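Have a look at the structure below, then the notes.
The values are calculated or read from the model by the stated rules, or taken from the named source; none is laboratory data. Model, not experiment: these values are computed from the prediction. Ideal geometry is used to build each Cβ from the backbone, glycine not excepted, and the neighbour counts take in all protein chains shown.
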Amino acid sequence: MKTIRLPERSPLAMTLEEALEKRRTNRNPAAVPLKEADLAALLWAAAGITDEDGRRTTPSTLDLRAVEVYVLRSDGAWRFNAADMTLEQTAEADVRRVSTAYQFEYVEKAPVTLVFVADKERSKNARPQGVWVDAGTMGQSCYLAATALGLAGCVRASFNHEALRQAMNLPEHLEPIVLFTVGVPA
Ligand SMILES: Cc1cc2nc3c(=O)[nH]c(=O)nc-3n(C[C@H](O)[C@H](O)[C@H](O)COP(=O)(O)O)c2cc1C
């Protein structure tokens, strides 16, 4: 399985006020790839490390950092390694189709779906809703970054968690819980 080093991330230059004002769900992406610098910016917004002690752009229940971000693209499924800004492949197949219960055309057109994956071992002493809140904050971070980058994005939660876990080759203690689908607007 391959590892990809992400390039320097695109700057997120819009003011926070403008990004909050303009944030919208947009399910109309063009069928073109996402620039890796933009992907790096989205991943950093979701779970980038911003402190020497490992704390991140988004908060986490009990500071467990039990939700990690994965990437689905036509070239497979990838784990975002935030410490060294790399992508580590977990599956070679295009499994984007498995990330929805009904929006097949949309998710196969959009170049990237980010997957927020909860580690049930690491979070076993936290309240069950904690990882969902972690993933929700990641989703909003992605929305704001996508707005600043001029991208079309959508948080999604209608999918079969177990089917996607298997398609991504993840062990049983890792559960995909929330998604963010993103691309260049059509
Ligand atoms: C928890 C959650 C789950 C969602 N699941 C889906 C989904 O499966 N598919 C989809 O197209 N949109 C999904 N959405 C996006 C909402 O439909 C969207 O946020 C809502 O229509 C409001 O539009 P806005 O984001 O532009 O304000 C979801 C949003 C949230 C917060």
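Name every residue in the range 85-94 that is touching a residue at least 60 places away in the same chain (Cβ under 8 Å) and surrounded by fewer than 22 Cβ atoms within 10 Å (Cβ to Cβ), in order of residue number. Selection gives MET85, THR86, GLU88, GLN89, THR90, ALA91, GLU92, ALA93.
For the range 109-122, a residue qualifies if it is among the small types (Gly, Ala, Ser) and within 14 Å of the ligand (Cβ to nearest atom), and exactly one does: ALA110.
Considering only the range 39-48, I want to know if a residue exists there that is over 14 Å from the mean Cα position of the chain (by Cα) and either modelled with pLDDT of 95 or more or within 16 Å of the ligand (Cβ to nearest atom) (or both). No, the range 39-48 contains no residue that is over 14 Å from the mean Cα position of the chain (by Cα) and either modelled with pLDDT of 95 or more or within 16 Å of the ligand (Cβ to nearest atom) (or both). Among the residues of the range 10-23, write down those that are without any contact (Cβ under 8 Å) to a residue 60 or more places away in the chain and either small (Gly, Ala, Ser) or part of a loop (DSSP other than H, G, I, E, B) (or both). If the condition is that a residue be without any contact (Cβ under 8 Å) to a residue 60 or more places away in the chain and either small (Gly, Ala, Ser) or part of a loop (DSSP other than H, G, I, E, B) (or both), then PRO11, THR15 are the ones that fit.
Which residues, counting only those in the range 35-60, are assigned to a helix (DSSP H, G or I) and buried (at least 19 other Cβ atoms within 10 Å of the Cβ)?
Step one: list which residues in the range 35-60 are assigned to a helix (DSSP H, G or I), which gives 36-47.
Passing the criteria: ASP38, LEU39, ALA40, ALA41, LEU42, LEU43, TRP44, ALA45, ALA46, ALA47.
Can you report the number of residues in the range 150-186 which are surrounded by 14 or more Cβ atoms within 10 Å (Cβ to Cβ), under 18 Å from PHE80 (Cβ atoms) and away from the ligand (no atom under 11 Å from the Cβ)? Adding up the residues that qualify gives 12.
Among the residues making up the range 123-138, a single one is of a type in the set (Gly, Ala, Ser), crowded, with 21+ Cβ neighbours inside 10 Å and within 13 Å of the ligand (Cβ to nearest atom): ALA135. Taking every residue in the range 158-186 that is free of Cβ contacts under 8 Å to residues at least 24 places away in the same chain and pairing it with any residue that is away from the ligand (no atom under 15 Å from the Cβ), at least 6 positions away or on another chain, the pairs with Cβ-Cβ distances below 6 Å are HIS161/GLU175.
Restricting to the range 1-22, what's the tally of residues that are modelled with pLDDT of 95 or more and touching a strand residue (DSSP E or B) at 6+ places or on another chain (Cβ under 9 Å)?
Of the residues in the range 1-22, the ones modelled with pLDDT of 95 or more are 2-22.
Among the residues that remain, those that are also touching a strand residue (DSSP E or B) at 6+ places or on another chain (Cβ under 9 Å) are: 2-6.
Count: 5.
Restricting attention to the range 80-108 and to residues that are more than 13 Å from the ligand (Cβ to nearest atom), part of a helix (DSSP H, G or I) and touching a strand residue (DSSP E or B) at 6+ places or on another chain (Cβ under 9 Å), the residue that is farthest from PRO33 (Cα to Cα) turns out to be VAL98.
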